[in-house]
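S.K.: Encoded as C-alpha cells, here's the structure I'll be asking about.
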Amino acid sequence: MTEGRLAGRRVLTGISGGIAAYKAIEVVRLLTEAGASVRVMMTPEATRFVTPLTLEALSYNPVAADWLAPQGVGESHIALAEWAEVIAIVPATANTIAKLALGIADEIVSGTVLASRAPLLVAPAMNDLMFTHVKTQDHLNALRSRHAVVVEPGVGRLASGKSAVGRLAAPERILAAIEAVLQDRRNLEGLRVVVSAGGTREAVDPVRYVGNFSSGKMGRALAETAAARGADVTLVTTVPTNPEAIAEIAVTSAAEMLVALKTACAGADVLVMAAAVADYAPDQVAGAKLRRTDQPMDLHLRPNVDILKALGPRRGLFRVGFAAETEDLRAQAEAKLAEKHLDLMVANQIGVDGQGLASDFNAVTIVAPTGVVADVPRLPKWEVAGQIWDAIDAARNRGG
C-alpha cells in the first residue's frame, strides 16, 4: 500500500544501461502511485534496453536521454539537478558507479549528479564478479563516505544464468529507501536490530496446535522499515516470507523463538518483541495424531515461557515490548513495562474492527518509563512502524 506516501516530493530517477533497466519501470510506477513527482533521465546505453517513451508514459514527464539535445530551457542537466529533492540511480551499473565516484560527467546521468547537491541513492545491479570486484567496492565505499545511500543488491538469478549477489533490489525496497531519504530517516545505519513477529504455535500433536490470530504483519512492517532506514535487521518469525536484505529465522514455538532470539540478540543494539507469544502451551504433546471421538477431550495447559523475562535486560540492548489488550490499555502497558524492565512498551487495542491482529492497520499507544510518548491513531501498519521507530530513535538519543 503506497498511495500518498510521497505526495508532492520530487524524485529524479536515473537509469543506466544494464539488463535490470526494465525493472526501473516498476520503480517509477510505484513512485508515481505514492504521489511523487517523477522525472527520468537515461544514459544512452539505457535507451537500448528500455525506450524513453515507456518512462514518459509512466512518469507523465519528458525523459532526458541526450544532454546535448536542445530543450528550450538552457542546460537540461542543470535544470534537473536544481529540481530534484533526491536522485535515485536505478539500476546503477559498475560503469555508472565508477563515474559517480570519480566525478566523471560524460552524459546526462553522471553530469546531473555532479551538478546536484540533492541526496543520492544508488541501487547497484550487475554480475556478481563485477559487483564484488575490489574497484566496484572501492567506488561504492567512496559514495557512502559522501553520504550516498546504497541499496544493496539481492541474491538471485542473474543475466548470466547463475544465482548470486548482484540482482537489483526489489522495487518495493528501493521505494522504501527513497522514502527514508526524503523523510531524513536514514537514522538507523550501523545499528543491529532484531525483530520478532507472528503468533507462536504450541503443538498439541503432530497436526494441531494452540495459537492466536497474529499474522506477523506488524513485525514485518517494523523489520522492513528498519532495513529501509539503514539497519542490519534480523527477523525471527513464525510466518517466514524470505524478505530481501533481512536475515530471517523461521521458528514455530515460543521455546524455539527464545533460542533463536538469544543467538540473534548477541551484540544487537535494539530488540523489538512484536511477536504474539502464546501464553499457554499443552502440558503434554502427543507423539501421534489424536483421533476424533464423540467424547470431550481435556487439554491441560501450562504457562508458556515469557521470552522477554527469559532474555532479561542487557547493557547496550534497547528492548521494546508489545502488548495486545482488550481493556485498560495504558495501565496494562505501564505495568508490563515495569515488570519486564523494558525501555518502551507498544500497546494496541484488540477487538476493534479493521485494526490490530491480522489487519493491515493498527493504532498504538507507546509508553516509556516517563509516561506516554505517543498515541498513534489508526494508520496502515507500515506508517505505524515508522512512528514506532521514531519513538525508539528519540528514546535512544535521550539515553534510553
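S.K.: Compute the longest continuous run of the chain that contains no exposed chymotrypsin sites (Phe, Trp or Tyr not before Pro); treat a site as exposed when its DSSP state is not H, G, I, E or B and it has at most 13 other Cβ atoms within 10 Å.
M.R.: 214-400
S.K.: Across segment 319-400, how large is the tail of the calculated P(r) beyond 23 Å, expressed as a percent of all Cα pairs?
M.R.: Tail of the P(r) past 23 Å holds 15 percent of the pairs.
S.K.: Quick check on my link table: of Lys262/Lys340; Lys309/Lys336; Lys23/Lys162; Lys309/Lys381; Lys289/Lys309, which ones sit more than 21 Å apart, alpha carbon to alpha carbon?
M.R.: From Lys262/Lys340; Lys309/Lys336; Lys23/Lys162; Lys309/Lys381; Lys289/Lys309, over 21 Å: Lys309/Lys381; Lys289/Lys309.
S.K.: Translational diffusion coefficient of segment 203-262 at 37 °C, 0.692 mPa s, Stokes-Einstein with Kirkwood Rh over Cα pairs, in µm²/s as a whole number.
M.R.: After rounding, the answer is 260 µm²/s.
S.K.: Using a simple charge model, +1 on the beta-carbon of Lys and Arg, -1 on the beta-carbon of Asp and Glu, nothing else, what dipole does segment 10-182 show about its Cα centre, in debye to the nearest 20?
M.R.: 400
S.K.: Relative to 2.2 N^0.38 Å, what does the C-alpha radius of gyration of segment 73-164 come to as a ratio? Two decimals please.
M.R.: Cα Rg divided by the expected 2.2 N^0.38 Å: 1.13.
S.K.: Given contacts defined as C-alpha pairs under 8 Å and at least six residues apart, what's the relative contact order of segment 1-102, whole-number percent?
M.R.: Rounded, it is 36 percent for segment 1-102.
S.K.: State, to one decimal in nm, how far the label point of Thr252 lies from the label point of Arg302, with both points 7 Å from Cα in the Cβ direction.
M.R.: Those two pseudo-labels are separated by 1.8 nm.
S.K.: Ok, one more. Suppose a student asked you for the relative contact order of segment 251-355, using Cα pairs under 8 Å spaced at least 6 residues apart; what percent would you report?
M.R.: 27
S.K.: With just the Cα atoms defining each centre, how far is segment 1-69 from segment 86-112? Give it in Å.
M.R.: 15
S.K.: Out of Leu261, Val376, Thr200, whose Cα points farthest toward the positive end of the dipole of the chain (charges: +1 Lys, Arg; -1 Asp, Glu; placed on Cβ)?
M.R.: Of the options given, the answer is Leu261.
S.K.: When Glu107, Glu172 are ordered from fewest to most other Cβ atoms inside 10 Å of their Cβ, what list results?
M.R.: Glu172, Glu107
S.K.: Given all pairs of different Cα atoms, what value in angstroms does the Kirkwood hydrodynamic radius of segment 118-275 take?
M.R.: 17.1
S.K.: With only Lys, Arg, Asp and Glu charged, each at its Cβ (+1 for the first two, -1 for the last two), find how big the charge dipole of segment 192-397 is about the Cα centre; round to the nearest 20 debye.
M.R.: Using Cβ point charges on Lys, Arg, Asp and Glu, segment 192-397 gives about 460 debye.
S.K.: Could I ask something else about it? Report the gain in length on full extension from Lys262 to Val239: 0.36 nm times residue separation, minus Cα-Cα distance, nm rounded to one decimal.
M.R.: Here the segment from Lys262 to Val239 would lengthen by 6.4 nm.
S.K.: Give me Asp205, Asp283 sorted ascending by neighbouring Cβ count inside 10 Å, so fewest comes first.
M.R.: Asp283, Asp205
S.K.: Under 10 °C and 1.306 mPa s, how fast does segment 4-110 diffuse according to Stokes-Einstein, given a Kirkwood radius computed over C-alpha pairs? Answer in µm²/s, whole number.
M.R.: Rounded, D is 115 µm²/s.
S.K.: What is the chain's relative contact order, in percent, from Cα pairs under 8 angstrom and six or more apart in sequence?
M.R.: Relative contact order of the chain: 10 percent.
S.K.: Report, largest value first, the span of the C-alpha coordinates of segment 83-132 along each principal axis, in whole Å.
M.R.: Result, largest extent first: 35, 20, 14 Å.
S.K.: Oh, and also: Give, to the nearest whole percent, the P(r) tail of segment 235-280 beyond 16 angstrom, counting all Cα pairs.
M.R.: Here the long-distance tail beyond 16 Å is 37 percent of all Cα pairs in segment 235-280.
S.K.: Still on this model: What dipole magnitude, in Debye to the nearest 20, does the chain give about its Cα centre under +1 on Lys/Arg Cβ and -1 on Asp/Glu Cβ?
M.R.: Result for the chain is approximately 700 debye, rounded to the nearest 20.
S.K.: Once the Cα gyration tensor of the chain is found, what semi-axes does its equivalent ellipsoid get, as square roots of 5 times the eigenvalues, in whole Å, sorted largest first?
M.R.: The three semi-axes for the chain are 45, 23, 19 Å.
S.K.: Please report, in whole Å, how far the alpha carbons of segment 192-397 spread along each principal axis, starting with the longest.
M.R.: Dimensions of segment 192-397 along the principal axes of its Cα atoms: 58, 35, 30 Å.
S.K.: Go through Val149, Ala105, Val134 and say which Cα lies farthest out towards the positive end of the charge dipole of the chain; charges sit on Cβ, +1 for Lys and Arg, -1 for Asp and Glu.
M.R.: Towards the positive end, the residue furthest out is Val134.
S.K.: Ok, one more. Give the whole-number value, in cubic angstrom per residue, of the convex hull volume spanned by the C-alpha atoms of segment 10-182.
M.R.: Hull volume over Cα atoms, normalised by residue count, gives 99 Å³.
S.K.: Now a separate question. Along the charge dipole of the chain, pointing to its positive end and built from +1/-1 on Cβ of Lys, Arg, Asp and Glu, which listed residue (Met297, Val233, Thr47) has its Cα farthest out?
M.R.: The listed residue farthest towards the positive side: Val233.
Quick note: the coordinates plus some simple rules give every number you see, no bench work behind them. What you are looking at is a predicted structure, and each value in this text was computed from that prediction instead of being measured. For neighbour counting, all protein chains shown are included, and Cβ atoms are generated from backbone atoms with ideal geometry for every residue, glycine included.
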